[in-house]
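First the structure, in the form of structure tokens, and then the observations on it.
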Amino acid sequence: MPSEYGDHLDFRDARITGFTAKEERYYPRPPREASASLPGAPAVFLGRDHELDQVMRVLDPNAVDTGTEARDPYLAVCVVSGREGLGKSALALRAAHQAVANNWFPGGVFYLDLHRPGTEPLSDDQAVRILLSYLGVVDDEISGLTTAWDGHYHTCLAQRPGPALLLLDNAVQAEQIERLRPGVAHHRVLVTSRSGLADLEAHAILLRPLSTSDSLSLLVTLLSMGVDGENRTVQEPDAASSLVDLCEGVPLNIRRAAAGLRQRRDVTIAEYVKLLVENRAAYEARLRAEVPATRTGWLQRLGGPRLWRRGQ
Ligand SMILES: Nc1ncnc2c1ncn2[C@@H]1O[C@H](COP(=O)(O)OP(=O)(O)OP(=O)(O)O)[C@@H](O)[C@H]1O
Ligand SMILES: [Mg+2]
């Protein structure tokens, strides 16, 4: 029914107007696809069984009724922290996709990157507005709300048809998460952050470096994915071990090293390790000489993909 016909129920805009309602109330439309904002998880994911299990125990919405530790409201929030490149986002995405496959979140899965590398962090208001749009509120309606976003955000979340998951990547401050924390007990929040967000009431998981064996398996897997699938580590097991040591259990480093090796098929792993050691020594010498540090790390200079190294 066209909206200019006065008193009516217009379900297209999900608004009630005219004498059928004394005031205009807001009834959000459901998002087209509630999990559409969730990026893919890495295809190759090794180790982290214990951490994944911990995250899944917090996410399980059925745990509310089973008397496990997730009954405490603050445990509905899980923070995965650790230094750059340790795999916080990879773990969180892995868990979120597993949860979707388990049908745990009929209310939707909403992903938001709060601080994309190389950009300013999202302001609290921006974060709420983006989540409102994911929840089905269109731009015009959000603008019309002026400042009362939080109330509508929480209303929208409360109206979800079942448990929902918020995946908040790269959080900077605990206050922002507090503001976005749903009021409904069966919803879950999964946060990643380089800082531990120690003042946030949440289940905390601190990522540590991958074990040597998982690191080596990751290197072997990545190197075996080449055109010919040849595993170069078989010919050079000692050099492969040295390379893994250099990567310090940081998956980002292992991926960079594997990418560098795959680009340079003319270079042996031992030669590559030698180059890396020289490269690192030169990098550290520059740091000692107080040449302003760039934001790229030593490992990146050997032709691996461009990735971020904050705080070096
Ligand atoms: N367990 C793992 N197995 C295989 N690859 C992994 C694993 N963990 C992370 N990776 C890969 O390592 C790289 C860095 O991971 P990720 O982006 O998750 O790190 P991060 O801790 O979120 O870093 P940042 O602090 O920059 O956000 C990605 O390419 C990711 O796919
Ligand atoms: Mg990340």
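Details
- Per this entry, PHE105 is not counted among residues that are over 18 Å from ILE205 (Cα atoms), more than 15 Å from ligand 1 (Cβ to nearest atom), surrounded by 20 or more Cβ atoms within 10 Å (Cβ to Cβ) and under 12 Å from the mean Cα position of the chain (by Cα).
- Residue in region 179-191 that is within 16 Å of ligand 1 (Cβ to nearest atom), assigned by TED's automatic domain parsing to the domain that holds LYS88 and within 19 Å of ASN62 (Cα to Cα) present: yes
- Considering region 154-267, the qualifying strands (runs of 3 or more DSSP E), each wholly inside and each with 3 or more residues that are crowded, with 21+ Cβ neighbours inside 10 Å and under 19 Å from the mean Cα position of the chain (by Cα), run over 165-169, 188-193.
The values are calculated or read from the model by the stated rules, or taken from the named source; none is laboratory data. The structure displayed is predicted, hence computed values, not measured ones. In this analysis, Cβ positions are derived from the backbone assuming ideal geometry, glycine residues included, and neighbour counts consider all displayed protein chains.
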